[in-house]
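Peer 1: Sending over a structure as structure tokens; questions will come in a sec.
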Amino acid sequence: MTQLGIYVQVPFCQTKCTYCNFHTGVFSKELYTPYVRAVCREITEFPLLLRENGIADVPDAVVDTVYFGGGTPSLLEPASLAQIIDAIGASFTTQFEEVTLEADPETVSAEKSTAWREAGFNRISMGVQSFNDAELRAAGRMHRRADVFRATEILRAAEFRNLSFDLIAGLPHQTDRSWEKSVEQLLQLRPEHVSIYMMEIDEGSRLGLEVLQNGERYSAKALPTDDAIANYYEHGCRQLAAAGYEHYEISNWGLPGFESRHNLKYWRREPYFGFGAGAHSFNGSQRWANAHDPAAYADSRLRGHYAVEQLEIVTQGQALEEELFLGLRQLAGIDLKSIEDKYGARLRPRVQDLVAQGLVEWDGPRLRLSPERLAVSNEVFVQLLE
Ligand code: SF4
């Protein structure tokens, strides 16, 4: 049997965070019900979508991981989330091991948490981002530090034994001290899994645009420097290691046995099907994505139209690049020889320079990112894929 992941995209948010460059937004609640119906219909009639687009199914697949991401999926009624999980159960062979819901701290209530457990969720990923209220406010987040403590207590009381917290290194107004305090408080709550993302600025967010235009409204002038952001990340690496977390991917840590099984599928190039507006899928040889606009997506699916966007056959060359790029994101690194054999490629000359620069290193037969240079891993990928 092939273990298959399912991703469900919920693109609705309460506000738009200043740094966010995702295809998500604030939509009328009136769209929620038709959107959920459209997702359920897409799941139920998925064989039709595959046929109409000339996409190969994944044979002998058993769905063991489901991930509801966004957006803010916890904004949907628990009954709607349960409806989607039921549609997955009715349409695929399932043996759920990990069923994750992304939730923003202020949306967590005792009633909802109980309903989430009953619907089948066993993992909650909270967008904490910071424990500093001034940073949260400037970033346009709805929650405050106290909400994270309150939400954690509620989720633990509802017997969630697998929590993941996200932090962002590089928020406006962040300082050495405020970052250290955020990490300290995160460790106090001891989630089973942690993600630390280094702030990336591009013109896709309001904050990014402001940086380019030299404005002041979203605190662009209070952004930490790149060096400070790298220091925050490295401080996070040290503190999490000391607290017993295993660093298994550039941005991800887990207590032993708590790596994200679903996200590992992306880095290992294992198959996953995505449902909802803008969701991406991969069957091992083809990649495709749904239309981004939620209203247009819901409208087409509810009319029984299943066209997808950006359908592409992954070439051998692309597959090789993905093996390198996604494989090296994992701290265990890659078995270069077996990749060379698989693709009939000579890769050693390509990596020699990187080894000489100390950006990557050999760990027995495996090539991995140098642990002390993880903060600059983008340089490795740029050079490697040139
Ligand atoms: S909650 Fe997440 S997806 Fe929504 S605007 Fe904020 S960062 Fe973007």
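Peer 1: Let me spell out the model: positive unit charges on the Cβ of Lys and Arg, negative unit charges on the Cβ of Asp and Glu, origin at the Cα centre of the chain. What dipole size does that give, in debye rounded to 20?
Peer 2: 380 debye
Peer 1: A further question follows. Where the centroid of each part is defined by its Cα atoms, how far is segment 296-351 from segment 47-124 in Å?
Peer 2: Distance between centres, Cα-based: 24 Å.
Peer 1: Given R₀ = 51 Å, FRET efficiency for residue 346-residue 231 by Cβ-Cβ distance, to 0.05?
Peer 2: Values: r = 38 Å, r/R0 = 0.74.
So the FRET efficiency works out to roughly 0.85.
Peer 1: Give me the extension gain from residue 180 to residue 161: residue separation times 0.36 nm, minus the current Cα-Cα distance, reported in nm with one decimal.
Peer 2: Stretched out fully, the residue 180 to residue 161 stretch lengthens by 4.3 nm.
Peer 1: How much length is gained on full extension from residue 97 to residue 269, taking 0.36 nm per residue of separation minus their Cα-Cα distance?
Peer 2: Once the chain is fully extended between residue 97 and residue 269, it gains 60.0 nm.
Peer 1: Next question, about the same structure. How much length is gained on full extension from residue 33 to residue 385, taking 0.36 nm per residue of separation minus their Cα-Cα distance?
Peer 2: 122.4 nm
Peer 1: Jot down the per residue volume, in cubic angstrom and as a whole number, of the convex hull over the alpha-carbon atoms of segment 108-207.
Peer 2: 104 Å³
Peer 1: Once you measure Cβ to Cβ distances between cysteines in the chain, which Cys have no partner under 4.7 Å?
Peer 2: Lacking a cysteine Cβ partner under 4.7 Å: 13, 40, 237.
Peer 1: Continuing with the same structure: Working from the alpha-carbon coordinates of segment 189-320, get Rg over Rh, Rh being the Kirkwood radius.
Peer 2: Rounded to two decimals, Rg/Rh equals 1.06.
Peer 1: For the pair residue 197 and residue 239, how long in nm is the line joining their label points, each one 7 Å along Cα→Cβ?
Peer 2: 1.9 nm
Peer 1: Would you please give the FRET efficiency between residue 362 and residue 212, computed as 1/(1 + (r/R0)^6) with r the Cβ-Cβ distance and R0 = 56 Å, to the nearest 0.05?
Peer 2: According to the calculation, E is roughly 0.90.
Peer 1: Mean projection of the alpha-carbon convex hull of segment 235-386 over all orientations, in nm²?
Peer 2: Its average projected convex-hull area is 11.2 nm².
Peer 1: Then there's this: I'd like to know which of 344, 375, 305 lies farthest towards the positive end of the charge dipole of segment 293-386, counting +1 on Cβ of Lys and Arg and -1 on Cβ of Asp and Glu.
Peer 2: Checking the options against the dipole of segment 293-386, the answer is 344.
Peer 1: Mind checking segment 295-370 for trypsin sites (Lys or Arg not before Pro) that DSSP puts in a loop (not H, G, I, E or B) and that have at most 13 other Cβ atoms within 10 Å?
Peer 2: In loop regions of segment 295-370 (DSSP not H, G, I, E or B), the sparsely surrounded trypsin sites (Lys or Arg not before Pro) are 303, 346.
Peer 1: Tell me, Kirkwood radius of the chain from alpha-carbon pair distances, in Å?
Peer 2: That comes to 22.0 Å for the chain.
Peer 1: If the cut-off is a Cα-Cα distance under 30 Å, which lysines reach residue 221, setting aside same-chain residues fewer than 8 apart in sequence?
Peer 2: 16, 181
Peer 1: Using label points projected 7 Å from each Cα along Cα→Cβ, tell me how many nm separate residue 299 and residue 353, to one decimal.
Peer 2: Result for the modelled spin labels: 4.9 nm.
Peer 1: Have a look at 273, 54, 126 and report the one farthest towards the positive end of the charge dipole of the chain, computed about the Cα centre with Cβ charges (Lys/Arg +1, Asp/Glu -1).
Peer 2: 126
Peer 1: Label residue 14 and residue 146 with points 7 Å out from Cα along Cα→Cβ: what is the distance between them in nm?
Peer 2: Calculated label separation equals 1.4 nm.
Only the coordinates and a few stated rules stand behind these numbers; no lab work does. Because the structure is a prediction, the values reported are computed rather than measured. Positions of Cβ are backbone-derived with ideal geometry, glycine not excepted, and every protein chain shown enters the neighbour counts.
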